[in-house]
Every structure is written in C-alpha cells, then in structure tokens.
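One structure is given here, and the rest of the page talks about it.
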Amino acid sequence: MWVANGLSQDLPSGVVMAGNWQGAELAIWRSVSGRLAAWGDRCPHRGMRLSHGFVRGETLSCIYHGWTYGSDGACSKIPAHPTMVPPAAIKAEVYQCVEADGVIWVGPAGPEADLPDLSGMVAVRSVSVLGDVAALTRALPGFVADGALWRGQVGGVSVSLVVQARGAGLGLHALCGAAAHRVAVSRWLDGVVQLVEQEALT
Amino acid sequence: MIPAAVLNEWYPVAMIAQLAAWPGRQTLLLGSEINVFRDAAGAVVVQGADGPLAVTLAYGHVWACPGVPAHPLFPIPEADQPGRRLVDCGVVRVKCSPLRAVENFLDIAHFPFVHTDVLGAEPHTEVGRYEVQIREDSDEVWATKVHFYQPQAAKSAAGGIVTEYMYRVAAPTASVLYKTCPNNADEWDVIAIFVQPLTEELCEVWPWMALFDDTTPQADLIQFQQMIFLQDRSILENQIPRLLPLDPGKEIPTQADLTSIAYRRWLKRKGLTYGAQMVAA
C-alpha cells in the first residue's frame, strides 16, 4: 500500500525529513541531484534516527558518527575508519519512494499497486491536524473517500486531499484542479483544520 | 522485578552542595520514589518507601544503594590530589536508558559530528587502534591509548591538539575519563559522568570534573560541559530503541566501538540489565 508522505514542493534537494509507513518511522530524503529515497529511521550502527542526518551530494549521513549511505541504502563510508570498505551487511532498511503529480509516496520494498491517479491536479500545501478520520468525515460533507484519497468540490474547483496517519493526528496533503485557485483552497484548508479539531473535541 | 545485582550497586542521587532539609530532593531511583535530605543532626538521608538506603558521600555527590552494597563505592584517587579543582556541573535530564548515556560518554567517534569544531572536526575522523580490557582486580572496564584530534579539547585549550584519553567504567552508571591536560603535560584532566537511573528509559546525568585549571571562571567551565552534554542529549533522545541492546545483531559495532562492546559484555556478564534490552525485538 502506498502512503502519501508530503508534497514534492516541501522536500527540496539536499534535505531529509521524517515520515511514516503503517506505523514504521522513516527518513525520507532528496539528494542534491533530486533523487528521492525513504528508509527506516534508524542507523544500523547505534539506532540513531537518520531523519536527523545530513545530505551531501548523493548520500545521507547519520548525525551521530557520520556513517554515510548511498541511494541504494548501502553504507559507503565509516568516518572512524576512512580506509575501510564497509561490509555489505551494513544497510539502511529501504522502502520504495516515488513522486507523482506533486505527491511523495512511500511503499514497502517489492512490487506495488498503481498510485492513485492525481493527474491534472496541482499541489496546494500540506497541513497537520489533531483529529481522526471520523472527525474529518464530519468536517468534509460532500467529499468521497477512496482509501486515503478524498475528492470533492470547493467553490466550483475540484479538490483532492491525500490523508496520512501521523501519530495522534492526520497529515492532509491538498491538491486542486486549477493553479489560479491555490490561494483560495489554501484558505479553505485552514478552515478544515479548525473544523476537524473542533469535531475531534466533541 | 529488579535483579539483586542491580540493587546492590551504588547510584548518584543528588549533589551534596544542593542538599536541603526534608523533603529535600524528591526523585526516583530505579523507578522507586526517594527523598534525599539532611536530617536535624545534619546527616544525609536517602529515604525510600521501605526505609533509609545505604549512603556514601563522594566526589560532590550523594550515592545510594537500594540493596545490600556488594562493595564500597569506586575510588577516584585524583579527587584528593593537591592542586586539582573539583567542579560540580549540575544535572541534565535525558529521556534515554542510563546505560545509553554511559555508552555515549565512552564514545569518541561522534566528536566531529556531534561536538563539531570543539571536541572534533572533519576531516580528522579516524579512530586509531586502542586497548580495551575488563580489569579483573577492580572489576572495571578500561580503554587506554585512545588518541583523537581536537580543535578545542577543553575550555582552557588555545587551539587544536591531539588529545590522549583513558576511559574507565567504574560502576554500571558511572564513568571516569582521563584526558591530556592542556595546562600540565604531566597530569591528566579528570572528567566523570555520574548517571542516576530514574527509570529504565529516563536518567539524570551529573558531570563532575577534577582539573588543573586555575584561571577559567567556574561559570565558564560549567557552561562548556553543559554545552557538550546538551549536544549529546540531542542524540541520546533519538536512538531507537531507548533501551541499550545487549544481544548482538540489533546494532553493528566496528573497531572504534571496542569500549562499547566491552561495556555491554561486562553489563551482561554481571546481570546489570536495568535499562538494557535483552531480546532482539
């Protein structure tokens, strides 16, 4: 199953962020040349979160001891032993990570189902909201949910929300049918957050 | 159920300079509530739910044993050496296993990345061979002949030097290091961490120093040490799992980690498993 982990525009080159897949914590990063990768959020050395690490060129390094991993997840450098070739067994836990129509998707390693079709949509923004799917349902009458993808109309513009479970809350990744409406949809999204959080309290 | 081996060890529970009358310092030791205070006669008492605990006063701190002490508190002979300045550095609370806090203290390979431009700097990242032993006479873990390039090894250091270290695990949650003294080539600076295990996943770290440094103001020495420990905390609170894995397989060590390997082995052999993860999850 693919899980949306944000919008492409929110993960620039050379940046790493935290993400998740079905309860597993992830480090998602983009190399300087633009390559995306998603790994389990633990360095195999001492269990440090790789999402606290740093990107240099086409590699991600752990912030604790600088162990460096290439896009395939294999450790390529151990700074404490600069001349040693790291054993192949030292490898980050690799997930599939792709982006389409401005959304970053993560899935387990191996073959996967097709991505939800968001062609023709433009990314608006992502928000976090403290509330559950029930509260979201009450806050979005008229929206139809197909898995994590919610579709509806806002002021005559088609809107898609890709929903991601995030701890006690949800991540909402919003897209709309026309670039000219991004500001209006972004304002509407602020209202949705307020509504969901009110609903979650009742 | 906490193993007797754990209960029969000494743990730091307060700074002597901060003691007060009842209720004094209300805190946790191995998950149980204790009060550390001075009674009407001025004696230091560590009161647990089932009565007072064995107490030792040493190195600026109050040490308590919740069980029957298996041995006296470890010695630090340098604490009595003339000319040394003894510095209590206060306390840093860290959401991690007390054992992870000690292991991090034993580690030099992280200096260039966590204490950048202070205790280490790229490209000086190599950790050469050093010697590690579990000394049977004192029942302590020792690492010797550890060398590392440091841009600013101490508050009193003017520039980069290759620092030599010796590390010593003197108790399950206490470690002492000896490092090149920037002001006195014949002596070692002594820096210790005394870790109070509040629970298996929460600790308070009391750094303590015995230095040859007559010039640096006390506040600067403490601030330097606090800065180092706050940098370490950003690591310690983000290791997964919080507990220290003692079974091999879950974490991959290298030659630079020989001290950590010996520390884990020593803990396992002695049954000092409070704060440890025994089964690979």
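What follows draws every value from the coordinates through simple rules; no lab data is involved. Remember, it's a predicted structure, so these values are computed and weren't measured experimentally. Positions of Cβ are generated from backbone atoms using ideal geometry, with glycine treated the same way; all protein chains shown enter the neighbour counts.
General remarks:
- Listing of strands (runs of 3 or more DSSP E) fully contained in the range A:127-202 that carry 1 or more residues being in contact with a His (Cβ under 7 Å, 6 or more places away or on another chain) and not charged (D, E, K, R): A:157-166
- Some residue of the range B:155-162 being surrounded by 21 or more Cβ atoms within 10 Å (Cβ to Cβ) and not aromatic (Phe, Trp, Tyr): no
- Some residue of the range B:242-264 being among the acidic types (Asp, Glu), away from chain A (no Cβ under 14 Å) and crowded, with 16+ Cβ neighbours inside 10 Å: no
- Within the range A:64-86, tally of residues that are surrounded by fewer than 17 Cβ atoms within 10 Å (Cβ to Cβ) and within 14 Å of residue B:252 (Cα to Cα): 1
- Here residue B:139 clears all of (1) on the phi < 0 side of the Ramachandran plot; (2) more than 14 Å from every other protein chain (Cβ to nearest Cβ) except the condition numbered (1).
- Of the residues contained in the range B:64-77, one or more are found to be more than 30 Å from residue B:32 (Cα to Cα) and either part of a loop (DSSP other than H, G, I, E, B) or more than 13 Å from the chain's Cα centre (by Cα) (or both).
- Selected residue (criterion: nearest to residue B:80 (Cα to Cα)) from residues of the range B:202-222 that are surrounded by 16 or more Cβ atoms within 10 Å (Cβ to Cβ) and in contact with a Lys or Arg (Cβ under 7 Å, 6 or more places away or on another chain): B:210
- Residue in the range A:124-147 that is within 23 Å of residue A:10 (Cα to Cα), surrounded by fewer than 16 Cβ atoms within 10 Å (Cβ to Cβ) and more than 18 Å from the chain's Cα centre (by Cα) present: no
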